[in-house]
1. Go through the residues of region 12-22 one by one and say whether even a single one is among the aliphatic types (A, V, I, L, M) and surrounded by 10 or more Cβ atoms within 10 Å (Cβ to Cβ).
2. Quick one: count up the residues across region 17-52 that are among the charged types (D, E, K, R) and either assigned to a helix (DSSP H, G or I) or touching a His at 6+ places or on another chain (Cβ under 9 Å) (or both).
3. So residue 5 clears everything in (1) under 22 Å from the mean Cα position of the chain (by Cα); (2) of a type in the set (Val, Ile, Thr); (3) modelled with pLDDT of 90 or more except one condition, right? Which one?
4. Which pairs turn up if I take residues in region 29-44 that are touching a residue at least 60 places away in the same chain (Cβ under 8 Å) and surrounded by 10 or more Cβ atoms within 10 Å (Cβ to Cβ) and look for partners that are of a type in the set (Ser, Thr, Tyr) and not in a helix (DSSP H, G or I) with beta carbon separation below 7 Å, at least 6 apart in sequence or on another chain?
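The values are calculated or read from the model by the stated rules, or taken from the named source; none is laboratory data. No experiment lies behind these values; they were computed from the predicted model shown. We place every Cβ from the backbone using ideal geometry, glycine too, and count neighbours over all the protein chains shown.
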Amino acid sequence: MFKRIVTACIAVLVVGCTGLPDDVEPVADFDPERYLGTWHEIARLDHSFERNL
């Protein structure tokens, strides 16, 4: 029974990750320079993988 559940979950994941919709297009005038510089955090949630950083 467990194998069937795992197989069904994997099948759902594979079918859901097959590709992008046809109408998705990247932004034409994207300027990465606008996003460079100092960023400030307004709120923070601590995560275990970020300890001692």
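1. Looking through region 12-22, at least one residue is among the aliphatic types (A, V, I, L, M) and surrounded by 10 or more Cβ atoms within 10 Å (Cβ to Cβ).
2. Residues that pass the stated criteria total 3.
3. Result: residue 5 passes all but (1).
4. none
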